[in-house]
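First comes the structure, then the notes that go with it.
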Amino acid sequence: MVGTEPARTLAMGRSMTDKSVILGRPAGRNTGADSRTTGATHGNLSEQEIVSAALRVIHQDGLDKLSMRRLSRELGVSAMAPYYYVTDKHELLDLVATEALGGITAPDPGPDWTERLRVVIDQIDERLSTYPGLGEVLLDRMLRSQRHLVALVMDILFDAGFSDRNVYCAYATIHTYLYGRSGVTTQDPSIPDRTSLPEPIARATAHLDRIHGPDVYRFGVATLIAGLQAQLERQREQQQD
């Protein structure tokens, strides 16, 4: 559905007041082959080495510290060497996004849209767990570098019966949860000193030693999907009025 109507996805994005979360930033990329020289001149790096080094920098120091100069230090090459393979940081981030989300497949067709959606969400979360810290990169670059994956999620939502407007709102909610949550924490929560905590917080964290990241993730996804189901039912009721 979305795959045969690519303009609809882009048009919905342009209609939002704050589009930066999903639409991303212009890359200013120069892909001309004549802008690069021979690989031997720059140490015969591979694209995979470039991307892997970028992932390490993001994981160790955070996205803000990733620069072409910092990347060259991580690789142990001259400051100009990475430019043979990537034109600038924007192109590098697109390659990082492609690496992180590579191999995600569409679920088998079926009547239960919630199960299909969960399959896709779980695959994305698995990639984010494999590459910690990438959620911040992907939060604002999905529609630039991973349109097929955005379309896959939206296609499931359209099949479920969401209106055009609500498909966008639903996708934005899923997008923010999946990629934004890694900016809060991807680690198990620490156990605080409860003696100085307000009573509600002390109660809520009493069993924190038995709560782990996957528990919070499963709870979040279940809540997200239940909320989408409730919104879909509300939409149907409004359409009948």
task: Note the full-extension length gain between Thr223 and Arg165 as 0.36 nm times their separation in residues minus their Cα-Cα distance, in nm to one decimal.
output: 18.8 nm
query: For Gly76, what is the net charge nearby, where nearby means another residue's Cβ is under 14 Å from its Cβ and Lys, Arg count +1, Asp, Glu -1?
result: +2
Heavy-atom accessible surface of region 93-164: percent carbon and sulfur, 1.4 Å: 49 percent
- prompt: When Lys and Arg each count +1 and Asp and Glu each count -1, what net charge do the other residues less than 12 Å away from Ile58, Cβ to Cβ, add up to?
  reply: -1
message: Suppose a student asked you for the relative contact order of region 40-85, using Cα pairs under 8 Å spaced at least 6 residues apart; what percent would you report?
response: 45 percent
- prompt: Tally Lys/Arg at +1 and Asp/Glu at -1 over every other residue whose Cβ is under 14 Å from the Cβ of Leu178; what's the total?
  reply: 0
query: If you roll a 1.4 Å probe over the heavy atoms of the protein chains, what accessible area per residue do you get for region 97-232, in Å²?
result: 51 Å²
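The values are calculated or read from the model by the stated rules, or taken from the named source; none is laboratory data. Not measured: the values here are computed from a predicted model. Neighbour counts are summed over all protein chains in view; Cβ atoms, including those assigned to glycine, are modelled from backbone coordinates with ideal geometry. Just so you know, the surface numbers come from the protein's heavy atoms only, side chains and all, with ligands and any DNA or RNA stripped out. Shrake-Rupley method; radii C 1.70, N 1.55, O 1.52, S 1.80 Å.
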